[in-house]
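The values are calculated or read from the model by the stated rules, or taken from the named source; none is laboratory data. Here the structure is a predicted model, which means the values were calculated and not measured. No Cβ is skipped: glycine too gets one built from the backbone with ideal geometry, and neighbour counts run over all protein chains shown.
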Amino acid sequence: MKTPGPDHPITIEPAANRWRALFGGHVIADSNDALILKEASYQPVVYFPRDDVSMEYMSRTDRGTHCPYKGDAAYYTLLMDGQFAENAVWTYEDPYPAMEAIAGRVAFYPDKVEVYEVSDAAVNPHHADEVREERPANVDEVVQHTDAGGGVAQRERWETTVETPAITDDGGLR
């Protein structure tokens, strides 16, 4: 086991924005809790929490590698819609202590899976409004504005925020 230092620096930082992984035209990972690992002169690597990854499209393989700084890596193969990417995903399930932040997270080979940064504003145009509303609505207040079925609410109705629902590209309503 080697410890990162000036001769081989490794840093792990929380990503500033949301990150996604795309395989076969499908988003297979989407996280606002990704970590960016920068190791020596290598390209930065995005590590996703497993809870934010569609693990059902991955099968564990027999492949294993060893890094003297991070520990033993295990690999997964992707299979989705007939597309196959062998050993395209890796994980350090029990990394060395200096790298424990990446434990159980997964990373993707960029030549097999497209990994890219997205802005929360692009994903959800109302993100800023949601962030501002830090406290949940008072349940009693919400109930008083609700029609109990008789056509009359206990208090005045709230103003509508939308005139007419907009139809999205996929046929849904927004």
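Restricting attention to the range 70-99, the residues that are in a helix (DSSP H, G or I) and touching a strand residue (DSSP E or B) at 6+ places or on another chain (Cβ under 9 Å) total 2.
Name the single residue, out of those in the range 15-44 being aromatic (Phe, Trp, Tyr) and in a strand (DSSP E or B), that is nearest to Ala98 (Cα to Cα). If we take residues in the range 15-44 being aromatic (Phe, Trp, Tyr) and in a strand (DSSP E or B), then Trp19 is nearest to Ala98 (Cα to Cα). Restricting Glu100, Glu130, Glu163, Glu156 to those that are of a type in the set (Asp, Glu) and at pLDDT 95 or above reduces the list to Glu100.
In this structure, is Tyr47 assigned to a loop (DSSP other than H, G, I, E, B) and either in contact with a His (Cβ under 6 Å, 6 or more places away or on another chain) or not acidic (Asp, Glu) (or both)? Reasoning before the result, please.
Working: assigned to a loop (DSSP other than H, G, I, E, B): no; either in contact with a His (Cβ under 6 Å, 6 or more places away or on another chain) or not acidic (Asp, Glu) (or both): yes.
Against the criterion (assigned to a loop (DSSP other than H, G, I, E, B) and either in contact with a His (Cβ under 6 Å, 6 or more places away or on another chain) or not acidic (Asp, Glu) (or both)), Tyr47 does not qualify.
For the range 104-116, name all the residues that are assigned to a strand (DSSP E or B) and out of contact with any Lys or Arg (no Cβ under 7 Å at 6 or more places or on another chain). Selection gives Ala107, Phe108, Glu114, Val115.
Among the residues of the range 59-68, is any at pLDDT 95 or above and either crowded, with 16+ Cβ neighbours inside 10 Å or within 20 Å of the chain's Cα centre (by Cα) (or both)?
The initial filter retains those residues of the range 59-68 that are at pLDDT 95 or above, namely 59-68.
Now narrow it down to the ones that are either crowded, with 16+ Cβ neighbours inside 10 Å or within 20 Å of the chain's Cα centre (by Cα) (or both): 59, 67.
Yes, some residue in the range 59-68 is at pLDDT 95 or above and either crowded, with 16+ Cβ neighbours inside 10 Å or within 20 Å of the chain's Cα centre (by Cα) (or both).
Is it true that Gly5 is surrounded by 15 or more Cβ atoms within 10 Å (Cβ to Cβ) and modelled with pLDDT under 95? No: the conditions fail for Gly5.
Going through (1) in a loop (DSSP other than H, G, I, E, B); (2) touching a helix residue (DSSP H, G or I) at 6+ places or on another chain (Cβ under 6 Å) one by one, Ile12 falls short only on (1).
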